[in-house]
């Protein structure tokens, strides 16, 4: 790639170069930080849906998945403002703030005397994820520049979701042998402490890299405005609408897998250990395949990868609804992970392609807002449908919605989603 260099002012003039190779140390550090961010979500994926029924006596599916809706709403709002905050207060400050919100979460999960405490813990967890995960995304995009954006985001998301899988599996095994609380949540104390320490002591802010990329487009920077970015990313620009709706449905699916699948599998007679395997297999495949998925979108274009991913997800969810054995369900959740892997880093890269560097963090925040509103909607919609019609019809309805979303993406996203700057 061409060298893009900026000389920082000061006594020690430091050369700043965009690219994965020149910045691999900070990039690797941010990968590690995001693994701890992902581990915080993995704490809940096997345990909390079962905890709702076993310890708090919650029979309603809608109430049982209410913690996901709360998490999704808190994360969506944090995402919406994270980009704007990072442009005002720098990326590192927002990252550290995210970890401060995450520190109390494992203690609340351990000590919660009522379901309301679990809901409160998920408000803090949502803010933690919205601020910390958003900043690892933005900082990696800042470091690498446009040439390998898909690969960079594949690495970021892979680290996060492999950690989700590892934590989901580990907590399930711990719960099987020692109980639902408190032992599984001790992992979270370590995740939060390590993530905060790395972020405070070793991560460097990436503002100089943003300035360097902006310098390559000196005449086309739009005035920074959350209102304008929100309108562009939500409805005004068709390709960005296509990205946002796919992200919305993708996380709706994740809420289904997180909240409804464990209840469905337990209702079909599976042990908690087998449910833990299924809960871990989905993010494991999702995490492992995101690197090649992001890399492939750099060459094949964003649209074809996104559309393929949404269609694979729809078929996989339909397999869960129609399946009746552990083997079938394991195959289905692995396909679901593969489809999600195709979509997740590619949608982020598509937003980065399509907007000016000066508003990239804000636009990514708007996209992540809609994506995580999807998690809230998925929890509420799937829970309500399950209460009214049963688990299988609820899962089948989400499968149909996912296939429809893939067709909308095919109609609205551009072939290679090249960067088009607004005056």
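The values are calculated or read from the model by the stated rules, or taken from the named source; none is laboratory data. It should be emphasised that the depicted structure is a prediction, and the values quoted were computed from it without experimental measurement. Every residue, glycine among them, receives a Cβ derived from its backbone with ideal geometry; neighbour counts consider all protein chains shown.
Points worth noting:
- Boolean, residue 196 is modelled with pLDDT of 85 or more, out of contact with any helix residue (DSSP H, G or I) (no Cβ under 9 Å at 6 or more places or on another chain), on the phi < 0 side of the Ramachandran plot and surrounded by fewer than 21 Cβ atoms within 10 Å (Cβ to Cβ): no
- Taken together, 50, 31 contain a single residue that is modelled with pLDDT under 80, surrounded by fewer than 24 Cβ atoms within 10 Å (Cβ to Cβ) and touching a helix residue (DSSP H, G or I) at 6+ places or on another chain (Cβ under 9 Å), which is 50.
- Residue 82 over 21 Å from the mean Cα position of the chain (by Cα) and under 26 Å from residue 193 (Cα atoms): no
- Matching residues, the range 302-321, being crowded, with 19+ Cβ neighbours inside 10 Å and more than 27 Å from residue 391 (Cα to Cα): 302, 303, 305, 306
- Condition check for residue 146 on (1) at pLDDT 95 or above; (2) more than 19 Å from the chain's Cα centre (by Cα); (3) within 28 Å of residue 17 (Cα to Cα): one failure, at (1).
- For beta carbons closer than 6 Å, sequence separation of 6+ or different chains, a first residue in the range 170-185 that is free of Cβ contacts under 8 Å to residues at least 24 places away in the same chain and a second that is surrounded by fewer than 19 Cβ atoms within 10 Å (Cβ to Cβ), the qualifying pairs are 174/183.
- Taking the criterion of being in a helix (DSSP H, G or I) and touching a helix residue (DSSP H, G or I) at 6+ places or on another chain (Cβ under 8 Å), the residues of the range 199-215 that qualify are 199, 200, 207, 209, 210, 213, 214.
- Residue match in the range 95-105 (condition: over 30 Å from residue 227 (Cα atoms), in contact (Cβ under 8 Å) with a residue 40 or more places away in the chain, assigned to a helix (DSSP H, G or I) and under 21 Å from the mean Cα position of the chain (by Cα)): yes
- Verdict on residue 293 being modelled with pLDDT under 90 and either under 21 Å from residue 48 (Cβ atoms) or out of contact with any helix residue (DSSP H, G or I) (no Cβ under 7 Å at 6 or more places or on another chain) (or both): no
- Condition check for residue 43: crowded, with 24+ Cβ neighbours inside 10 Å, part of a helix (DSSP H, G or I) and at pLDDT 80 or above: yes
- Checked against (1) surrounded by fewer than 20 Cβ atoms within 10 Å (Cβ to Cβ); (2) at pLDDT 90 or above; (3) assigned to a helix (DSSP H, G or I), residue 228 passes all but condition (2).
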